[in-house]
1. Across segment 82-114, what is the number of residues that are closer than 23 Å to His67 by Cα, assigned to a loop (DSSP other than H, G, I, E, B) and of a type in the set (A, V, I, L, M, F, W, C)?
2. Quick check: is even one residue across segment 87-97 open to solvent by 70 Å² or more (accessible area, probe 1.4 Å), out of contact with any His (no Cβ under 8 Å at 6 or more places or on another chain), modelled with pLDDT under 95 and of a type in the set (Ser, Thr, Tyr)?
3. Which residue pairs have Cβ atoms under 8 Å apart, sit 6 or more places apart or on different chains, and have a first residue in segment 56-69 that is farther than 18 Å from Ile34 by Cα and a second that is open to solvent by 70 Å² or more (accessible area, probe 1.4 Å)?
4. Does Glu186 satisfy the condition of being in a helix (DSSP H, G or I), of a type in the set (Asp, Glu) and open to solvent by less than 60 Å² (accessible area, probe 1.4 Å)?
5. Could you pull out the residue among Lys65, Lys33 that is charged (D, E, K, R) and more than 21 Å from Ile137 (Cβ to Cβ)?
6. In segment 209-228, which residue that is among the hydroxyl-bearing types (Ser, Thr, Tyr) and surrounded by 10 or more Cβ atoms within 10 Å (Cβ to Cβ) is nearest to Trp199 (Cα to Cα)?
7. Do we have Ile109 as touching a strand residue (DSSP E or B) at 6+ places or on another chain (Cβ under 6 Å), surrounded by 15 or more Cβ atoms within 10 Å (Cβ to Cβ) and not basic (Lys, Arg) here?
8. If you go through segment 154-170, how many residues are open to solvent by less than 60 Å² (accessible area, probe 1.4 Å) and without any contact (Cβ under 8 Å) to a residue 60 or more places away in the chain?
Amino acid sequence: MGWRDNICKEGRHIVCLSGGKDSSALAVYLRDKIPNLEYVFCDTKMELKETYDYLFKMEQYLGKKIHYLTYQNGYGFEDILKLKGGFLPSPEFRWCTDYLKLKPYDEYIGNDIVYSYVGIRADELTRKGFIPAKKAIRTIFPFIEDNIIKADVFRILEDAGLGVPDYYNWRSRSGCFFCFYQQKREWIGLLENHPDLYWKAASYEKIDPDTGASYTWMQDESLQEMARPERLAQIKNEYKKRQIREKNKFIANQRLCDLWNLTN
């Protein structure tokens, strides 16, 4: 049974937007296909200005209100950070996702039957999406079923006149400005585009005076250390070298494909 078979079923139909290209393209893709479709955004209040600007454009295109969801009692990241004793979230302990994404969404849907549409593409089947645990939620992947890949996502957004959020000029993902999944070159992008946010992220980093334990966004260095001119230059140079290697690898693979096609 395909995702279209669920369109007229009783229950709520929801797209949870992240502010990134895939969920945005999914919202565009489904806009005229599903009646009474709801759009939500779990607002950590730690997003980039570019994200909020793009969501405003999305709202105008969709012609519907995007519901901004926050954690109960108005608690934000800093409030929860205090409760966690200054222990920063990390890939191993993603308490930010739990409190600022999953819990607000669970509260919004209550005990309703919900069809939750997720923008995981057909070319990224190993990716884990934002999938709540409630049994009343049916998680649906239209892009996987319809074989929509990355190039299609860009085309969908371009055809809609939306393009992608401006932060894609220096960043590869949506999320909080201090997201621990950022690559070091993306941290540099934050420093160059939003120095105030970079240093705000740095202010959350701490060293326990009693134990010497460090609470930093990256395991191997602090943002203070990374911002040194010589370190910035090193990271940029390493990134350029990696780009060249990846380009050469792509060209070599393309040549092998061309050779195979000629001989078969």
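1. Selection size over segment 82-114: 1.
2. Restricting attention to segment 87-97, the residues satisfying the condition of being open to solvent by 70 Å² or more (accessible area, probe 1.4 Å) are 87, 92-94.
Retained after the next criterion (residues that are out of contact with any His (no Cβ under 8 Å at 6 or more places or on another chain)): 87, 92-94.
Retained after the next criterion (residues that are modelled with pLDDT under 95): 87, 92-94.
With the extra rule that they be of a type in the set (Ser, Thr, Tyr), the set shrinks to none.
Checking segment 87-97: not a single residue is open to solvent by 70 Å² or more (accessible area, probe 1.4 Å), out of contact with any His (no Cβ under 8 Å at 6 or more places or on another chain), modelled with pLDDT under 95 and of a type in the set (Ser, Thr, Tyr).
3. Leu69/Glu107
4. Values: in a helix (DSSP H, G or I): yes; of a type in the set (Asp, Glu): yes; open to solvent by less than 60 Å² (accessible area, probe 1.4 Å): yes.
In short, yes.
5. Numbers: Lys33 fails: more than 21 Å from Ile137 (Cβ to Cβ).
Answer to the check: Lys65.
6. Of the residues in segment 209-228, the ones among the hydroxyl-bearing types (Ser, Thr, Tyr) are 211, 214-216, 222.
After this cut, where a residue has to be surrounded by 10 or more Cβ atoms within 10 Å (Cβ to Cβ) as well, the list is 214-216, 222.
Details: Ser214: 17, Tyr215: 15, Thr216: 13, Ser222: 11 Å.
Filtering first and then ranking leaves Ser222.
7. Values: touching a strand residue (DSSP E or B) at 6+ places or on another chain (Cβ under 6 Å): no; surrounded by 15 or more Cβ atoms within 10 Å (Cβ to Cβ): yes; not basic (Lys, Arg): yes.
No, not satisfied.
8. 2
The values are calculated or read from the model by the stated rules, or taken from the named source; none is laboratory data. Worth saying up front: this structure is predicted, and the values here are computed from it rather than measured. Quick reminder, even Gly has a Cβ in these numbers, built from the backbone with ideal geometry, and neighbours come from all protein chains shown. For accessibility, only protein heavy atoms count, side chains too; no ligands or nucleic acids. Shrake-Rupley method; radii C 1.70, N 1.55, O 1.52, S 1.80 Å.
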